[in-house]
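The values are calculated or read from the model by the stated rules, or taken from the named source; none is laboratory data. In this text the structure is predicted, and so the values were computed from the model without any measurement. No Cβ is skipped: glycine too gets one built from the backbone with ideal geometry, and neighbour counts run over all protein chains shown.
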Amino acid sequence: IFNKFKDENGEFKVSDTKELISLYEASHFRINGELVLDEACAFTTSQLKSMVSRTNEDGDEARNDTLLKFAKYDFNRIQMMLQQELSNLCSEWKEENIESRLPYARSRIVECFFSAIAVYFEPCYARACNIYAKLLSTLVLTDDTYDAYGTYEELQYFTDAIQRFDIGVIDELPTNYLKLVYETILNIHNEAEDKMRKEGRSYAISYTINEFKKLAEAYFVERRWVHRSYVPTFDEYMDIAMTSSAGLV
């Protein structure tokens with residue numbers, strides 16, 4: 001199949017950059033003994049390096065130093081802004097003292113922040129990034145509660161409380177750690193609602209809460225399978241996994 005990239009002398013040749021890149025990528029799927037792909041890798045690597053070198057030489061003539069300087073300033077400014085946002089977020093999370101009060105839960109606030117800036121990377125969405133990171137942290141906390149700590153009986157009460165999503169039912173939870181998890185979840189969602197109310201968009205948080213309720217139900221179904229030593233069929237698992245993967249939240 002790779003002979004079409006060779007000329008009559010058996011040397012590799014490509015007609016355009018797209019073919020070159022395609023051959024380069026294909027060569028990385030080789031296994032030991034596939035000599036033709038070894039040759040393809042060496043050929044394409046050499047050609048691509050040559051193209052980069054020529055591009056750099058041409059770029060020196062067309063480079064705009066003023067534009068480059070502003071680009072560096074902008075990059076450094078945004079980097080400093082994101083560092084400050086992360087620092088503030090970590091400080092807020094540390095004040096909640098979650099790590100010592102719920103030692104079984106993973107501390108993933110930094111990872112949640114990086115996930116958030118992948119969506120809200122522009123400076124004008126700093127508030128949305130902060131809200132999203134905190135909401136993601138509640139998913140981690142909830143997931144660990146279902147997977148790593150809560151008993152089946154405790155989680156029945158917890159799932160019911162999530163469906164009601166009302167601080168008034170907190171005393172119905174059987175343990176202090178579940179009360180803390182529940183209170184943390186509600187507080188973060190209420191904080192998000194307050195921030196969005198300032199923009200006239202408090203209604204949007206209701207969609208997140210509805211998806212969070214579905215997520216808790218899915219987590220509990222998986223916990224029930226474990227409790228009953230039940231192995232679901234592929235279709236049964238996929239129906240639940242579409243929700244428990246938290247993609248919709």
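Note on segment 26-126: enclosed helices (runs of 4 or more DSSP H) holding 3 or more residues that are among the polar types (S, T, N, Q) and surrounded by 11 or more Cβ atoms within 10 Å (Cβ to Cβ) are 35-62.
The lone criterion from (1) within 28 Å of the chain's Cα centre (by Cα); (2) farther than 13 Å from GLU217 by Cα left unmet by ASP160 is number (2). Annotation: SER22 fulfils all but one of (1) surrounded by 11 or more Cβ atoms within 10 Å (Cβ to Cβ); (2) under 30 Å from THR151 (Cβ atoms); the unmet one is (2).
Only one of the numbered conditions (1) in the same structural domain as ALA118 (by TED's automatic domain parsing); (2) in a loop (DSSP other than H, G, I, E, B) is not met by GLU8, and that is (1).
Listed by first and then second residue, the pairs linking a residue in segment 91-114 that is assigned by TED's automatic domain parsing to the domain that holds TYR146 and of a type in the set (S, T, N, Q) to a residue that is modelled with pLDDT under 95 and not in a loop (DSSP other than H, G, I, E, B), with Cβ atoms under 8 Å apart and 6 or more places separating them unless they lie on different chains, are SER107/ILE98; SER107/GLU99. Within segment 116-129, the set of residues being in contact (Cβ under 8 Å) with a residue 24 or more places away in the chain and closer than 18 Å to ILE209 by Cβ is empty.
Residues checked against (1) under 23 Å from ALA148 (Cβ atoms); (2) modelled with pLDDT of 90 or more; (3) over 24 Å from the mean Cα position of the chain (by Cα):
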residue	(1), (2), (3)
TYR203	no, no, yes
THR208	no, yes, no
LYS213	yes, yes, no
VAL221	yes, yes, no
TYR230	yes, yes, yes
ASP235	no, yes, yes
MET238	no, yes, no
ALA241	yes, yes, no
ALA246	yes, no, no
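From the list GLN163, GLN156, the one residue that fits, being part of a helix (DSSP H, G or I), surrounded by 12 or more Cβ atoms within 10 Å (Cβ to Cβ) and in contact with a Phe, Trp or Tyr (Cβ under 8 Å, 6 or more places away or on another chain), is GLN156.
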